[in-house]
Amino acid sequence: MRIFDGHCDTLSKINHPDELIRNGFHWDLERAGKYGAYVQVLSSFAGDVQRYDPAAVMESQLEKAIAFESNHPDRLKLIRSASDLKASENGGVFGILGAEGAEIFKGSIKELERWFRKGLRVVTLCWNYDNEVCDSVAGRRTHRGLSPFGRKVVERMQELGMVIDLSHTSDETFEDVISRVSSPVAATHSNCRAICGHPRNLTDEQIRGIAGTDGVIGINFYAYFLTGSGKARIKDIISHIEHISGLVGTRHIGLGCDFDGADPMPEGITGAESLTLVLETLAKANYSEQDIRMIAGGNFLRIFTRILR
Ligand SMILES: [Zn+2]
């Protein structure tokens, strides 16, 4: 089975690229390598953008993945195109470069294009702050949605074949983007507000909006986004899957575990090795093998294949 996880922050945890092989965090190549094939969006994450130079922080994290690939091409292949994705059918561990915040573009379409050439394919438009592109759900409604520059970013990302990620955006930003896109969009690591009322989670209307683009929602394992408390169990992951499935079908559900970006995880989840448990629980809940394949990776693979050139 091919696993596809839409979001992890492992690049922000490691110091040296070789720590990708084995580490004490949630995700590494040894554990991901135990599955038939594993495609991981490797996001770069700057955290408190008011204190640091976020573009420089994210850049240095992405450079770790790029350096690792060139030193160990047999262990990690970075996916840049639809044909690279196709090759993942043959097994192995694959990365896709991501940025958790359009701060990486430094307000410049030229920077966006430069990062595209370096392999960046997924951009979460913002994290917990409003930026040059849009407002965050935790922000101050600086632009009331997308800024004029943000509209250009959304347009250029679609032209180049980059995945627009709406996790962390404000409801106004979300609507603004959905009304402008012609290709599928993702919420790479977001859950359902109807099940857990956290503002980081998606309303039913937003879930329908993503499905309307033929997009995918990656289920986030962070206990606070699953239950609203610091405690969760694997069955709480299933509850969010059930809700989306009831609204728009299993075609729009994926994994967005938030490994190395979220703690606490549900009881029994220690990292990439725990996905087997999640898939087994889905089987016990009577999901068909076909549905489990789609949720485990097939749905994200479908939209990435469509978006990447
Ligand atoms: Zn996040």
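Nothing in this text is a laboratory measurement; each read-out follows from the coordinates by a stated rule. Note that this is a predicted model, so its numbers are computed, not measured. Here Cβ is always computed from backbone atoms with ideal geometry, including for glycine, and neighbour counts include all displayed protein chains.
List of remarks:
- When restricted to Cα atoms, the chain yields an Rg and a Dmax of 17.5, 49 Å, respectively.
- Lys/Arg +1, Asp/Glu -1 at C-beta; the range 1-158 dipole; positive extreme among LEU29, ALA65, MET157: MET157
- GNM top mover of GLU280, GLU132, GLU63 - the chain, alpha-carbon springs below 10 Å: GLU280
- Subtracting the Cα-Cα distance of LYS235 and ARG151 from their residue separation scaled by 0.36 nm leaves 26.4 nm.
- Separation in nanometres of the label points that stand 7 Å from Cα toward Cβ, at ASP204 and ALA82: 3.5 nm
- Between amide H atoms placed 1.01 Å from N, distances below 5 Å from CYS134 occur with SER147, all of them 5 or more places distant or on a separate chain.
- Helices assigned as whole DSSP H runs in the chain whose Cα atoms extend at least 20 Å along their own long axis and whose mean Kyte-Doolittle hydropathy is -0.5 or higher are found at 54-71, 234-248.
- For the residue pairs LYS34/LYS235; LYS106/LYS152; LYS235/LYS284, alpha carbon separations beyond 21 Å are given by LYS34/LYS235.
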